[in-house]
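Trainee: One structure is given below, represented as structure tokens, and several questions about it will come after.
The values are calculated or read from the model by the stated rules, or taken from the named source; none is laboratory data. Worth saying up front: this structure is predicted, and the values here are computed from it rather than measured. All Cβ positions, even for glycine, are placed from backbone atoms using ideal geometry, and neighbour counts span all protein chains on display. Please note that ligands, DNA and RNA were not included when accessible areas were found on the heavy atoms of the full protein model with its side chains. Shrake-Rupley method; radii C 1.70, N 1.55, O 1.52, S 1.80 Å.
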Amino acid sequence: MSSRSSMVLKRNLLSTSKQVSRSFATSGKTCSIFTNNSKRTTKIQPKKIVLQSNLFGSLAISIGALGIGLYCLDARSAVQEYVFCPLLRLATSAEDGHKLGIKFLKYGLAPRLFSDHDDEILQVDVFGKKLKNPVGMAAGFDKEGEAIDPVLDLGFSYIEIGSITPEPQPGNPKPRFFRLPQDDAVINRYGFNSSGHLSVLSTLRVRFERLLSANPNATNNSFRDGKLLAINLGKNKTGDEIEDYVKGVQNFGPYADVLVINVSSPNTPGLRNLQSEAKLTNLLKTVVLERDNLPGELINPNLKPPVLVKIAPDLTEEEIKSISIAAKAAKIDGIIMSNTTVQRPVKKMITKSDVVRETGGLSGKPLKEISLRGLRTLRKYTKDSDLVLVGCGGISSGKDAIEFAKAGATFVELYTAFAYKGPGLAAKVKDEIVSELKKEGKTWMEIVGSDDK
């Protein structure tokens, strides 16, 4: 190569180098690339890239936040049982936590089920109707009927509000509600604290008119197909042991799919004495007569609500036999076994602190064996009748529910487990029941009373 050619080449290379350097020095405004002596220029706009990056980042954050929000609003999510419920217990007393839970439900601040479809194998034939599933909410949770619809929307097929007394009464002095979290249990001595008939009637009337206008073809007072509204009736501390219940039937019969006579709370002096055969027969006959004299339910004047009686688990076999005789004689429709217990099965309990010795009724897991034993005894004396038995007491899982069904319960009720496991409990229990039933190749109704065989 000649020296002249060599110098030209050097100048070209130097020029190229400077041009490339200037291109990169302009922060990417113009990037010149040379390949095989051909020039290709690509224009890069950093501001647009940054904006697009920010947009995608914001979108990803928004989607993530929405996902977390939906997860937290889903009643089935584990965060309810393992985060929110423990935090609520940590931040409140037992009674304040109970009240706050009702407020959350009442004002739409509680999580909800995004899907409430029940498998057909869960259907229950009872009182001439069909329940979508056998899982109900027991009395004592929603005493004033403030959260009926939110509770039903959590997957329960039955809700029992109350107990409700004719006149307002404050109940027993506070503190009167105690947690035993190690045992998933509580002790309460509320003592029928109630705002009285007129207050609850006003709540029910407003609800009825609102839902009737939206659902004019409804056939149940629950205003939901396959679901029932039960109303639990109590007596005032100084009230009449017959007339207080008669007033309850007169006032609440038109609004109820089921009426429940509560003669078994351990926190009202003398109430459990009404479980004696003579007194109970007289009371139930009077109540049934009053029910028969009703003009009919508001939702369907051709129907009158079935009558159940709720009894204690702390009964001897002879006392349970007497109650079954009274129930048959009075021609009521069913019996709920059971209310809370005054027993303290401490050998089977984890809690060893002084709270175990608090006066009141114990409910939750320690009650299960006591209630189940009572149900089996009750079944022994009622299986020759049309009496519907309802299982209640210590039920917290699908397997528990199935045990009660096989012992004779047509459906079951929960309460204390709901406080510990959160708003997704009904859905989880139903899922577990379905799983167990499919293993056995049976429906719910096919296992009811199967322990008899």
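Trainee: Can you show me the helix-derived [θ] at 222 nm for the chain, built from DSSP H runs with n ≥ 4 at -39,500 (n - 2.57) apiece and divided by the number of residues, rounded to the nearest 500. Walk me through the intermediate numbers first.
Mentor: On the way: 14 runs with 184 residues, N = 453.
The per-residue figure over the chain is -13000 deg cm²/dmol.
Trainee: With the contact rule set at Cα under 8 Å and sequence spacing of 6 or more, what percent relative contact order holds for region 341-453? Please list the in-between numbers first.
Mentor: On the way: 137 pairs, mean separation 27.5, N = 113.
Reported as a whole number, the value is 24 percent.
Trainee: Moving on to the next point. For region 427-434, in order, what is each residue's ³J(HN,Hα) by Karplus, 6.51 cos²θ - 1.76 cosθ + 1.60 with θ = phi - 60°, in whole Hz (x at glycine and Pro)?
Mentor: So the J values, rounded to whole Hz, are 4, 5, 4, 5, 4, 5, 4, 4.
Trainee: Okay, next question. Compute the angle between helix 197-214 and the longest alpha-carbon principal axis of the chain, please, reported from 0 to 90 degrees and rounded to the nearest 10.
Mentor: Its long axis makes an angle of about 50 degrees.
Trainee: Relative contact order for region 52-211 using alpha-carbon pairs under 8 Å, separation at least 6, rounded to a whole percent? Please report the intermediate quantities before stating the final value.
Mentor: Details: 179 pairs, mean separation 26.7, N = 160.
Relative contact order comes out at 17 percent.
Trainee: Right, something else. Quick one: which residues, 5+ away or cross-chain, put their amide H under 5 Å from the amide H of F411? H built at 1.01 Å from N.
Mentor: G391
Trainee: Which order do peptides 250-259, 180-189, 167-176 fall in by mean Cβ count within 10 Å, highest first?
Mentor: Numbers: 250-259: 23.1, 180-189: 21.0, 167-176: 14.7.
Ranking the peptides 250-259, 180-189, 167-176 by packing returns 250-259, 180-189, 167-176.
Trainee: To continue, here is another question. In sequence order, what are the phi-derived ³J(HN,Hα) couplings for region 140-145 according to the Karplus relation 6.51 cos²θ - 1.76 cosθ + 1.60 with θ = phi - 60°, rounded to whole Hz, with x for glycine and proline?
Mentor: Along region 140-145, the couplings run x, 7, 9, 5, 10, x Hz.
Trainee: ³J(HN,Hα) across region 110-118 via Karplus (A = 6.51, B = -1.76, C = 1.60, θ = phi - 60°), whole Hz, x for Gly/Pro?
Mentor: Going residue by residue, I get 8, x, 9, 7, 7, 8, 10, 10, 9 Hz, with x marking Gly and Pro.
Trainee: I've got another one for you. Carbon-plus-sulfur fraction of the accessible area of the chain, 1.4 Å probe, in percent? Before the final figure, lay out the partial values.
Mentor: On the way: 12210 of 21900 Å².
Its accessible area is 56 percent carbon and sulfur atoms.
Trainee: If you don't mind, there's one more thing I want to ask. Towards the positive end of the charge dipole of region 339-453, with charges on Cβ (+1 Lys, Arg; -1 Asp, Glu), say which of G393, Q343, G408 has the farthest Cα.
Mentor: Looking along the dipole axis, the top candidate is Q343.
Trainee: Further question on the same structure: For the chain, what is the accessible area per residue in Å² when the probe is 1.4 Å?
Mentor: On the way: 21900 Å² over 453 residues.
It amounts to 48 Å² per residue over the chain.
Trainee: While we're here: Where does each of 406-414, 155-163, 138-146, 198-206 land if you order them by average Cβ count within 10 Å, highest first? Provide the component values of the computation, followed by the final result.
Mentor: Working: 406-414: 24.3, 155-163: 27.0, 138-146: 22.8, 198-206: 15.3.
Final packing ranking: 155-163, 406-414, 138-146, 198-206.
Trainee: A further question follows. Could you list which residues have their amide H under 5 Å from that of N221, counting only those 5 or more apart in sequence or on another chain, with H placed in the peptide plane?
Mentor: HN-HN under 5 Å from N221: L229, D257.
Trainee: Right, next: So how far, in whole Å, is the C-alpha centre of region 334-371 from the one of region 210-282?
Mentor: Each part's Cα centre sits 24 Å from the other's.
Trainee: What's the ranking of 335-347, 378-390, 114-126 by average number of surrounding C-beta atoms within 10 Å, highest first? Before the final figure, lay out the partial values.
Mentor: Numbers: 335-347: 20.5, 378-390: 18.8, 114-126: 15.6.
Descending packing order for the listed peptides: 335-347, 378-390, 114-126.
Trainee: Still on this structure: Give the relative contact order (percent, whole number) for the chain; include only Cα pairs under 8 Å separated by 6+ residues.
Mentor: Numbers: 835 pairs, mean separation 69.9, N = 453.
This gives 15 percent for the chain.
Trainee: Moving to a separate point now. From the square roots a ≥ b ≥ c of the eigenvalues of the alpha-carbon gyration tensor of region 65-194, which class results: rounded (a/c under 1.5), prolate (a/b over b/c), or oblate?
Mentor: Working: a/c = 1.93, a/b = 1.14, b/c = 1.69.
The shape class here is oblate.
Trainee: How many lysine pairs are close in region 370-453, with Cα atoms under 20 Å apart and the two 8 or more places apart or on different chains?
Mentor: Counting lysine pairs in region 370-453 gives 26.
Trainee: Any chance you could check the Cα centroid distance between region 374-453 and region 79-121 for me, in angstrom?
Mentor: 23 Å
Trainee: I've got another one for you. Using amide H atoms built in the peptide plane, which far-off residues or other-chain residues are under 5 Å from S338 H to H?
Mentor: C392, G393
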